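Input: a single structure, listed below in structure tokens.
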Amino acid sequence: MLRIQHFNVSQIVRIFIIIGFMYNDKSLKGYKSLLKLSGRAVTDFTRHNHYSITLFNVGLTGLIVLIYITILGIQISAPVAGALMTVMGFSAFGKHIKNVLPSMIGVTIMALILGYEFTHIGVSLAIIFSTGLAPLSGEHGPFYGILGGMLHLPLVFTFGGLLGGVLLYSNGFSAAFTAVLMNTLISTVKKEK
């Protein structure tokens, strides 16, 4: 299996943080308002905020995900690096540190409950790609983000067979299915109250 050096990935993350910080007049001005956005479509951070703080967010979100998977002992392989770059790319379009962590925590909890190893490539990618549920926790709060992440993992393996075992597709389909299901349930409960 192709291995990508951990150093190179962390270097890319740091470059985004440094460039964003430098071009934002060496400040975090605007980052607090960026963190208040839910991430629900369409949340283009470059339209709501400046490009510089968006670049900073791309790097910081990538760094948080990198630290999280490193703590879990997940090796930086080509698929994991690709998933991390995907998270970074969408960190200009709705993802930030407040709305990506809950779903990742949810997948981690469910992996522990089901007895899965974090280093299994399916679990590793499910942890990272569960950040597709960022708008769920951004809109409804971290509790629902964690629940969404817990539902995401078993769905990835269930839908994996239907989608030919392609983990990218099963993660995307699972995140969409989870988001629609949970958003419908949450909206229904709120209307009943």
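The values are calculated or read from the model by the stated rules, or taken from the named source; none is laboratory data. Not measured: the values here are computed from a predicted model. With ideal geometry, Cβ positions are generated from the backbone for all residues, glycine too; neighbour counts draw on all protein chains shown. Please note that ligands, DNA and RNA were not included when accessible areas were found on the heavy atoms of the full protein model with its side chains. Shrake-Rupley method; radii C 1.70, N 1.55, O 1.52, S 1.80 Å.
Descriptive notes on the structure:
- Some residue of region 147-155 being in contact with a helix residue (DSSP H, G or I) (Cβ under 9 Å, 6 or more places away or on another chain), open to solvent by 50 Å² or more (accessible area, probe 1.4 Å) and assigned to a helix (DSSP H, G or I): yes
- Members of region 157-193 found to be aliphatic (A, V, I, L, M), assigned to a helix (DSSP H, G or I) and either at pLDDT 85 or above or open to solvent by 50 Å² or more (accessible area, probe 1.4 Å) (or both), listed by number: LEU162, LEU168, ALA175, ALA176, ALA179, VAL180, LEU181, MET182, LEU185, ILE186, VAL189
- Residues being aromatic (Phe, Trp, Tyr) and over 18 Å from the mean Cα position of the chain (by Cα) - total across region 32-69: 1
- Among the residues listed as ILE105, ILE127, ILE113, ILE64, the single one being part of a helix (DSSP H, G or I) and buried (at least 22 other Cβ atoms within 10 Å of the Cβ): ILE127
- Residue in region 104-112 that is closer than 20 Å to ASN57 by Cβ and either in contact with a Lys or Arg (Cβ under 8 Å, 6 or more places away or on another chain) or in contact (Cβ under 8 Å) with a residue 40 or more places away in the chain (or both) present: yes
- Every pair of residues 6+ apart whose Cβ atoms lie under 6 Å, when the first sits in region 20-43 and is under 20 Å from MET88 (Cβ atoms) while the second is among the hydroxyl-bearing types (Ser, Thr, Tyr) and not in a loop (DSSP other than H, G, I, E, B): GLY20/SER52; TYR23/SER52; ASN24/SER52
- Residue match in region 130-143 (condition: of a type in the set (D, E, K, R) and in contact with a Lys or Arg (Cβ under 9 Å, 6 or more places away or on another chain)): yes
- Search result, residues across region 67-89 that are open to solvent by less than 40 Å² (accessible area, probe 1.4 Å) and either without any contact (Cβ under 8 Å) to a residue 24 or more places away in the chain or touching a helix residue (DSSP H, G or I) at 6+ places or on another chain (Cβ under 9 Å) (or both): ILE69, LEU72, ILE74, ILE76, SER77, VAL80, ALA81, GLY82, ALA83, LEU84, VAL87, MET88
- Residue list for region 11-61, restricted to those being assigned to a helix (DSSP H, G or I), among the charged types (D, E, K, R) and modelled with pLDDT of 90 or more: ARG14, LYS32
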